[in-house]
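Here's the structure, in structure tokens; my notes come after.
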Amino acid sequence: MAKKLGCHRTNIYRIFDSVSIDTNVLYRLSSILKFDFFKIYSDNLTEETRSE
């Protein structure tokens, strides 16, 4: 994963340990892992607006 992101392995650990993540990094991780992390937030936002 670090190689695909173009960074050192220790940076991957920092990304996963951080409280937040840059959207560009999240996009790149989504592409590498073939999982839409943005959908999780989008679905939560949709649920919140429905409950209001």
Query - In segment 24-35, the residues that are open to solvent by 80 Å² or more (accessible area, probe 1.4 Å) and over 11 Å from Met1 (Cβ atoms) - result: Asn24, Tyr27, Lys34, Phe35
Requested in this report: Filter segment 22-52 for residues that are under 15 Å from Ile12 (Cα atoms) and aliphatic (A, V, I, L, M) and give the result.
Outcome: Val25, Leu26, Leu29, Ile32, Leu33
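Mind checking which helices (runs of 4 or more DSSP H) fall wholly inside the chain and carry at least 1 residues that are within 9 Å of the chain's Cα centre (by Cα)?
23-33, 37-51
The values are calculated or read from the model by the stated rules, or taken from the named source; none is laboratory data. Keep in mind that what you see is a predicted model, and the values were worked out from it rather than measured. Here Cβ is always computed from backbone atoms with ideal geometry, including for glycine, and neighbour counts include all displayed protein chains. For accessibility, only protein heavy atoms count, side chains too; no ligands or nucleic acids. Shrake-Rupley method; radii C 1.70, N 1.55, O 1.52, S 1.80 Å.
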